[in-house]
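The values are calculated or read from the model by the stated rules, or taken from the named source; none is laboratory data. Everything numeric in this text was worked out from a predicted model, so none of it was measured. Cβ coordinates were reconstructed from backbone atoms using ideal geometry, including for glycine residues, and neighbour counts include every protein chain displayed.
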Amino acid sequence: MKPYCNDDLADINTPLLYNYWYVAALATEITRELTERTILNRSLVMYRDENENVVILQNRCAHRSFPLASSNLEGGGIRCRYHGIKYDHNGNITDVPCQDKCPKTKIKKYTTKETGPVVWIWMGANEKANEEEIPELEIHDMDKWTHVVGQYNYMEGSYMLLHENLCDLSHLPFLHENTFKFPKEYTSAPITVEQTDDQVVFYRQMEDWNLLKPFFHPGLDFGNKQVVYKSGGHYMTPATNKGYGLLYPHDENGDVEEPTGHYVNHYLTPESENRCHYFWYVARNYALDDQDYSKKQGEMVQKGFDEDREAIKLLQDVFEHDQHDYKEIGIKADKPGVVMRKIIKGLVK
Ligand code: FES
Ligand SMILES: [Fe+2]
């Protein structure tokens, strides 16, 4: 019996998708040091050249396969530490110490694009890379928003498990009972799910935000106004999901005012079939000057995501170690994840 038991839905066995933009790293991770990262089963070396431009090359010398990330940065290129062959930032061989002529062979250079806090990489053929296909996840105006950026260099589970987790609003009051402190009432609010082409938008809302108070800054006060809480997400591509949790105050005429709350950009990048990198960006538009709260909020988010990370590892272990005598049931709240898994399965086909 195969995990998930449904051939229409992508699962941990579904082949990885190469013709997409993924986040390779946070911009701050790529420096004048050589760093290795494996993405979609390709070992890569990342660094910045002398002009601070991001360079990502195949992490393998063309001579005897020595890892270039364990070699030396020399100007804008890398000199292999084994027999001294030098590569420029395009992956061309520019010096072979024991001979005059350089072979024409080059190592692969990946197409990248740095935008705000992240660096994107195109994992398909370079000639197919189109920057217009980079998913648009807003990086909010820093005058009105403050943010926390974080990452797990890898999670010990398939990126499909993380995608499903991010489309799943119903785990919040349970798995995150002690961190995000969502009320149990949250699970019974109906979920709206809308699919457009290869994307899914989903949300649920609560008419009384008071139940959510422990999740927000203690100083937030809307007087007697009715405040509706809405939270949800947007599965965009195999590499991205945009989440949010927003409070919508209604004025005395019942008109909806500008929301207060959070946006969370999630960037998922498979390392291999059974591990993934995860980067996030949380923005909030209230209590901007409260540094203590920023620290506390950062710790709460980190703790909450640690819970997801642990759950994903546990799930991966179950699927890998025991595939007997089970058939998963579906519940209403699974719908956003089921639609997302159908889309990804369709992309593979
Ligand atoms: S393995 Fe790199 S120069 Fe020989
Ligand atoms: Fe979670």
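Please work out if G75 is surrounded by 18 or more Cβ atoms within 10 Å (Cβ to Cβ) and touching a residue at least 12 places away in the same chain (Cβ under 8 Å). Show your work before the answer.
On the way: surrounded by 18 or more Cβ atoms within 10 Å (Cβ to Cβ): no; touching a residue at least 12 places away in the same chain (Cβ under 8 Å): yes.
For G75, the condition - surrounded by 18 or more Cβ atoms within 10 Å (Cβ to Cβ) and touching a residue at least 12 places away in the same chain (Cβ under 8 Å) - is not met.
Could you identify the single residue in N265, N285 that is within 12 Å of the chain's Cα centre (by Cα) and more than 11 Å from ligand 2 (Cβ to nearest atom)? Step through it out loud before you land on a result.
Working: N285 fails: within 12 Å of the chain's Cα centre (by Cα).
Unique residue meeting the criteria: N265.
Among the residues here, Y159 qualifies as touching a strand residue (DSSP E or B) at 6+ places or on another chain (Cβ under 9 Å), closer than 28 Å to D306 by Cβ and within 16 Å of ligand 2 (Cβ to nearest atom). When we screen D292, D317 for residues that are part of a helix (DSSP H, G or I), modelled with pLDDT of 95 or more, surrounded by fewer than 20 Cβ atoms within 10 Å (Cβ to Cβ) and out of contact with any Phe, Trp or Tyr (no Cβ under 6 Å at 6 or more places or on another chain), the only hit is D317. In the stretch 26-50, which residue that is among the hydroxyl-bearing types (S, T, Y) and in contact (Cβ under 8 Å) with a residue 40 or more places away in the chain is surrounded by the fewest Cβ atoms within 10 Å (Cβ to Cβ)? Step by step, filter the stretch 26-50, then rank; the result is T28.
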